[in-house]
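A short write-up of the structure that comes next.
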Amino acid sequence: MSTTIIVVLVVIFVVIVGVYVFSMLMRRRTESQIIALEERKEELFDLPIQEEFDKVKAMHLVGASQKVYREWHQKWVDLSQNSFAELENSIFEAEQLNDSFRWGKAKDSALEAESLIQMMEVDADSIRKGLSELMEQERYNSTKIQDALDMYDKLRNHIADNAEHYGSTIGMIEESLGNIETEFNQFVELNSKGDPVEAAEILEIAEEHTIALNNITDRIPEIIKLVDDEYEKQLTELEENYKDFTEKNYKFPETFNLELSIKNVRSRLKETKENLERFELDRAESLLTEIKSQIDGLYEILSKEYNGRRQFEKNAPILKDYIEHTRENNRALLLEIDHALQSYLLPDNEKASVRAFGLRLDDLEIEATDIIKLKDMPVQEQPYSMNNRRVNAVISALQEIEQNQVQINNKIAGLSSAEKSARDTAQEFDTRVRMIKRFVEKRNLPGLPTAYLDLFFTVSNQIEKLFKEMDKIRINMDQIKHMIDLSKEQLDRLMNETDKLIDNASLAEQLMQYANRFKSSNATVAEAMQRSLTLFERERDYTASFNTISAAIETVDPGATDRIVNVYENTKSAPEYRI
C-alpha cells in the first residue's frame, strides 16, 4: 500500500473521529439545556398558585374585587392549560431532534422553550403579586378602618362637647357627620361582602371627609367668636361712644356717618355667617379682614376727635403766653443786635430777620385769639381735630421762630470770642513771618530768588491787611475769617518754600565741598563745580546749583548724593517757625 493511500486513510479517520466528537459535544450541550428547562418547568409546576387562588376565592369577593380576581384567574387558566402544554411540546420536540442528531433544530426548539418559560415565569409572578395585593387590601382595610373610626369618633365627641361654639353652623356640621357615617357603613358593607378594593376607595373618601371636617371645625369657633361676640361688642361700644361724644358737643367730619357705617358692617357680618354656614371659610375670613379694617377705621375717627379735643383744650390756653414769651425773646435779641452793630458788621441782615419774626408773631397772635374763642363756644362748628391742627400750626410756627432766634443769638454771642481768636491767630501769623525772616538771614546766603521774595512780601502784606481790617471801628467777622483762611494758606506755602530754599542751599554747599576731591582728576566735575558755584553766588538759583553738582558727582561716585542727603535730613534741626 502506497504512502499516499495511508495518508488519505489517516485523514479520513481523523475527520470521522472529529465529526463524532463534535456531534457528541453538541448533543450533550443541547441535552444540558433541555435538562435545565425541565427543572425550571417543574419548579413552575410546583408553585402554590392554585392554593393561593383558593384562599382568595374563600374571601367571597364581589364587585370590583371580584372583577380583579377573575382577570387574574383567567390569566392563570391560560397559563396552566395552554402555556404549559406548549412548553411540554417544545421541550419534547427538542429532545427528539437532539436524539436524532439534528442539533441545529434542537437548539432552536430549546431556545423557543426557554423564551416561553421566561414569559410564563413573569406571568406567574404577576399573578401571585395580584393575589397577594387582594389579600393585603383586605388586611389593610381591617387595620385602617379602626384608625379612621377612631378619628371620626374623636371628632364627633369633640363637636358634641363644644356644640355651643359652632353657632348656626352646628346643623351643617351634624349633616356632614351623618354623611361620613354613611360612607363608613358603605365601607363595612362592601368589605364584608368581599369587595376590599371598592371598599378601600370608600374608606379613603370617608377619611378625607373626616380630615376636612376636622379642619373646618377647628376654624369655625374663632370666626363665630369674632362675628357673634367681639365685633358685635365693638359695634355696640362704637354706638355708645358716638352717643356720648355727641352729647359732649363733639363735631365730626361731614363725610362721617356712623349709623350708616355700622349698618354696612352688620350687613357684612350677616354675609360672613351665610358663608360660614356653607363652609366657605376662606370667603368668610376674607370678609372678616375687611370688617376689621372698617371697624378700626371707625375707632380711629372717634379716637382722633377724642385726642384732638384733649390736645386742643390743653394747648389752646397757652398760646398767648407762648407768643408773649417768644415776643420778649425777640425784643431782647434786637437789643443784642443793636449792641453788636456798634462793633461789628452783620452781612446777613439779622436785624431785618428778627423784625420779620415780630411781624409773624403779630399774625400768630390774631390766629391764637380766634382759636381761644373756639374753645369757649357752646356748640362746636368744626371737629376738634381740625381746631387742634390750627393750634399745632401756631405752635410749630413759634417753635420755628424760637429756633431761628437761638441761631442768631448764638452767632451774636460768639462774635466777641471769634474776634479774640482771630486777633490771636493774626498775631501768630505775624510772629511766624518774623521767625522765617530771621531764620533765612542767619543762613548768610548771597541773595534770595525773586519768586521767593515775591511770596514773602505777599504773605507779609496779606497779614498787614488782616490787622488793618481788625482795627476798623466796625469789623466784618465773615470777611476776617476769609482773610485768615487765605493768610494761612499763603503762610503754609511760604514755610514750605523756605524749607526747600534752605535745604537746597545747604546741600549744594556740602556737595561742592565733597566734589573738591575729584576736581583735579576729573574735568567734568571741575566744570560742574564752576557752573554750580555761579548758579549759587550770582544767579541765586540754589535748586539748579544742587542739581548740577549732584549730577556730576554721580558720574564718579554713584550714590554719594543720596548718602549726603540722608545724613543731612537725619541731623538737621526743625526750624523755629515750624515749632
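So, ASN404, is that one open to solvent by less than 40 Å² (accessible area, probe 1.4 Å) and in contact (Cβ under 8 Å) with a residue 24 or more places away in the chain or not? No, not satisfied. Which condition does ALA316 not pass, out of (1) under 52 Å from the mean Cα position of the chain (by Cα); (2) loosely packed, with under 12 Cβ neighbours inside 10 Å; (3) of a type in the set (Gly, Ala, Ser), if it passes all the others? Condition not satisfied by ALA316: (2). Of all the residues in region 302-337, those that are under 23 Å from THR255 (Cα atoms) and aromatic (Phe, Trp, Tyr) number 2. Beta carbons closer than 6 Å, at least 6 apart along the sequence or on distinct chains, pair a first residue in region 292-315 that is closer than 25 Å to ARG266 by Cα with a second that is small (Gly, Ala, Ser) and open to solvent by less than 80 Å² (accessible area, probe 1.4 Å) for LEU298/SER261; LYS304/SER385; GLU305/SER385. Hey, among the residues in region 532-556 that are out of contact with any Leu (no Cβ under 7 Å at 6 or more places or on another chain) and surrounded by 15 or more Cβ atoms within 10 Å (Cβ to Cβ), which one's nearest to GLU497 (Cα to Cα)? Looking at residues that are out of contact with any Leu (no Cβ under 7 Å at 6 or more places or on another chain) and surrounded by 15 or more Cβ atoms within 10 Å (Cβ to Cβ), I get THR543. Is there a residue being over 30 Å from ASP348 (Cβ atoms), open to solvent by 50 Å² or more (accessible area, probe 1.4 Å) and in a helix (DSSP H, G or I) anywhere in region 459-475? No, region 459-475 contains no residue that is over 30 Å from ASP348 (Cβ atoms), open to solvent by 50 Å² or more (accessible area, probe 1.4 Å) and in a helix (DSSP H, G or I). For first residues located in region 482-510 and touching a residue at least 40 places away in the same chain (Cβ under 8 Å) and within 26 Å of GLU569 (Cβ to Cβ), partners that are open to solvent by less than 30 Å² (accessible area, probe 1.4 Å) and among the polar types (S, T, N, Q) and lie 6+ apart or on another chain with Cβ distances below 6 Å form the pairs ALA508/SER545. Look at ARG423 and say whether it is part of a helix (DSSP H, G or I) and farther than 30 Å from GLU313 by Cα. It is true that ARG423 is part of a helix (DSSP H, G or I) and farther than 30 Å from GLU313 by Cα. If you scan region 337-359, which residues turn out to be buried (at least 16 other Cβ atoms within 10 Å of the Cβ) and of a type in the set (D, E, K, R)? Once the filter is applied, which keeps residues that are buried (at least 16 other Cβ atoms within 10 Å of the Cβ) and of a type in the set (D, E, K, R), region 337-359 yields GLU350, LYS351.
Residue-by-condition table, conditions (1) among the hydrophobic types (A, V, I, L, M, F, W, C); (2) surrounded by 19 or more Cβ atoms within 10 Å (Cβ to Cβ):
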residue: ASN214; (1), (2): no, no
residue: VAL227; (1), (2): yes, yes
residue: TYR231; (1), (2): no, yes
residue: THR246; (1), (2): no, no
residue: GLU254; (1), (2): no, no
residue: LEU258; (1), (2): yes, yes
residue: ASN264; (1), (2): no, no
residue: LYS270; (1), (2): no, no
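Pick out the one residue from ASN387, ASN409, ASN404, ASN392 that is assigned to a helix (DSSP H, G or I) and touching an Asp or Glu at 6+ places or on another chain (Cβ under 8 Å). None of the other options fit; the residue is ASN409.
Among residues that are in a helix (DSSP H, G or I), modelled with pLDDT under 80 and among the acidic types (Asp, Glu), GLU232 is not included. Of the numbered criteria (1) open to solvent by less than 40 Å² (accessible area, probe 1.4 Å); (2) in the same structural domain as THR561 (by the TED database); (3) among the polar types (S, T, N, Q), the one THR450 fails is (1). Do you know which residues across region 528-579 are among the β-branched types (Val, Ile, Thr) and part of a helix (DSSP H, G or I)? Those that are among the β-branched types (Val, Ile, Thr) and part of a helix (DSSP H, G or I): THR534, THR543, THR548, ILE549, ILE553, THR555, VAL556, THR561, ILE564, VAL565, VAL567, THR571.
Scoring ILE484 on the criteria (1) touching a Ser or Thr at 6+ places or on another chain (Cβ under 8 Å); (2) open to solvent by 90 Å² or more (accessible area, probe 1.4 Å); (3) at pLDDT 90 or above leaves a single failure, condition (2).
The values are calculated or read from the model by the stated rules, or taken from the named source; none is laboratory data. Model, not experiment: these values are computed from the prediction. Glycine gets a Cβ as well: all are built from the backbone with ideal geometry, and neighbour counts include every protein chain shown. In case anyone asks, the SASA skips ligands and DNA or RNA and just uses the protein heavy atoms, side chains included. Shrake-Rupley method; radii C 1.70, N 1.55, O 1.52, S 1.80 Å.
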